[in-house]
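Novice: What follows is a structure written as structure tokens; I'll ask about it next.
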Amino acid sequence: MVRDGSPQVEGACVFCDKKNFGERLIAETPSLYYVATLGQITDGGYTLVIPKRHVSCLGAMEERGLIGVENAMRDAACAIDTEYGVKPLIFEHGIVGQTVQHAHLHLLPTEIYLGRKVTEDFPKAECSFLTSLGLIGRLHKMKEKKYLLWNVPARPWVRNDGVSFFEAVWDPPAPKQYLRIVAAELTGKPERANWQNMDPELDKKLWSETVARLAPYLR
């Protein structure tokens, strides 16, 4: 079945059926899920915002859907900041490097900046600066390219709440889980880069704690 321009065999996408992540479900709205991710890079707090409607990336969503994701992102970021005492890193593999071909936004409680490393790795790739998450839809439809997307942390000399401004790099030849790999390296946890290689007992402990700690803010 094809929905929102993304080919997908119905029932094959793990994010299309919440039975696949029920234990890790923090909260849900009529249009999206908040989920504690597998592969907790930090010691808890790592959360995904997942639209319920199947779509390949956020850039392929309709404007109204993106507004919903942006509002959910702010709520999740506020919850993480309040509970973990740090504004989160926010990023998306816009089809580049996804292991699940269903749009999902990552929120990781660590104040690191991905842009320097990404531009060093892909110096020839076109970059864009976005003043809101919602602009990724307009740019993606105009450029018709794959992308990587990440937020610009708050800086004293920039009026930025840490979740408003984003950067994107277009059509980079990045490997799977690339932004996770960079984030894990920059946070000093390179062994947690690949979620599939995480110690399952430790990971369950961390994502279970994430659900328990963030659920009161998002339900």
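Novice: Can you tell me, using C-alpha contacts under 8 Å and at least 6 residues apart, the relative contact order of the chain as a whole percent?
Specialist: On the way: 429 pairs, mean separation 56.2, N = 219.
Computed value for the chain: 26 percent relative contact order.
Novice: Taking neighbour Cβ counts within 10 Å as the exposure measure, how do 118, 35, 211 sort from fewest upward?
Specialist: By the 10 Å Cβ count, ascending, the order reads 211, 118, 35.
Novice: If each DSSP helix of 4+ residues adds -39,500 (n - 2.57) and the sum is divided by the residues in the chain, what number results at 222 nm, nearest 500 deg cm²/dmol?
Specialist: Theoretical 222 nm ellipticity from helices: -9500 deg cm²/dmol.
Novice: Calculated from the structure, Rg and Dmax of the Cα atoms in Å equals which of (1) 18.1, 57; (2) 17.0, 52; (3) 16.0, 48?
Specialist: So the structure-derived entry is (3).
Novice: Still on this structure, please answer the following. What distance in nm separates the two pseudo spin-label positions at residue 19 and residue 64, each 7 Å out from Cα along the beta-carbon direction?
Specialist: 3.0
Novice: Separate question: Per-residue counts of other Cβ atoms within 10 Å, averaged by peptide: what ranking do you get for 128-134, 109-115, highest first?
Specialist: 109-115, 128-134
We did not get these values from a lab; they are worked out from the coordinates using the rules stated. In this text the structure is predicted, and so the values were computed from the model without any measurement. So basically every Cβ, Gly included, is an ideal-geometry build from the backbone, and we count neighbours across all protein chains shown.
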